[in-house]
Amino acid sequence: MRTTFIVARRELGGYFATPVASVFIVIFLVLQGALTFNLGNFFGRGLADLNPFFTFIPWVFLLLVPAITMRLWAEERRLGTIELLLSLPITNAQAVLGKFLAAWAFCAIALALTFPFVITVNILGNPDNGVIASGYVGALLIAGAFLSVGAALSAATKNQVIAFVLGLAVCFLFAMASYSVVTDFLSQNIPTLAAIARRLAVIDRFQDFTRGVVSARDLVFFASFIVFWLFVNTVIVERTKAD
């Protein structure tokens, strides 16, 4: 694990060595603020909770997470530095996990910087901070899920734009999997896929956290989801190394 954390520290430092970190965090905070206070009618609801905040956060991550992951492996492949990285005394799995943990830590930092929302709702009323905490746990898990998908797809191409579009498209499918427009279509045409779609719907799992329900079933789902896509990422990197 020490080698993995070395890779993660190197990657995380790389974010803050360029304007990428500042731009992402500013856009994230501005979008969350605008959506929560304006579209979410934060003050007009008369309730001391962060439901509007958590309602929009998966969709903000859906847009911004692929922008983070698109460069994880695509840039390495384009510049040819992937060969240098993989020639170091580390395994492919360690490299994949290290890059993922760095991106996940970056998202965690962005989430932590939303603490003014928590302070605001506590000043205005008496919210259930346990529910807010579980919502943040769910937000971090859904960010991890999207990151694992985006990282795997980034490894499949040298083009960052293609990596972004693929990551956005696939994450969007998982986000929309439980919505009636999808399930009704699948139920009428491919009933088996409709049942699978409901099981893979990340938004449904996340909504349990926003209600203060932290179940082992949901934790296992997100852990399995992330591990699966990290495995796919490792396989793709292995094939790239072989080429």
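Points to keep in mind about this one:
- Volume in Å³ per residue [convex hull over Cα atoms, computed for the chain]: 138
- With helices as the sole contributors, the chain gives -25500 deg cm²/dmol at 222 nm; each DSSP H run of n ≥ 4 counts as -39500 (n - 2.57), and the sum is divided by every residue.
- The ranking of Met70, Met176, Met1 from fewest to most other beta carbons within 10 Å of each one's beta carbon is Met1, Met176, Met70.
- Kirkwood hydrodynamic radius over Cα pairs of the stretch 121-173, then Stokes diffusion coefficient at 37 °C and 0.692 mPa s, in µm²/s: 251
- Taking every alpha-carbon pair under 8 Å whose residues sit at least 6 apart, the stretch 2-242 reaches a relative contact order of 27 percent.
- Ranking Val7, Phe42, Thr120 by Cα position along the charge dipole of the chain, where only Lys, Arg, Asp and Glu carry charges on their C-beta atoms, puts Val7 farthest toward the positive end.
- Rh (Kirkwood; distinct C-alpha pairs) - the stretch 14-128, Å: 16.3
- Residues in the stretch 47-54 carry Karplus couplings, in order, of 10, 8, 8, 10, 4, x, 4, 6 Hz; the curve used is 6.51 cos²θ - 1.76 cosθ + 1.60 with θ = phi - 60°, and Gly or Pro positions show x.
- Dipole of the chain, positive direction: furthest Cα of Val131, Leu230, Ala169, with charges on the beta-carbon: Leu230
- Surface/4 estimate of mean projected area, convex hull on alpha-carbon atoms of the stretch 100-151, nm²: 3.5
- Most fluctuating residue given options Arg205, Arg217, Arg77, as computed from a GNM of the chain linking Cα atoms under 10 Å: Arg217
Bear in mind these aren't lab numbers, they're just calculated from the coordinates by the rules spelled out. Here the structure is a predicted model, which means the values were calculated and not measured. Heads up, the Cβs are rebuilt from the backbone with ideal geometry, glycines too, and the neighbour counts pull from every protein chain shown.
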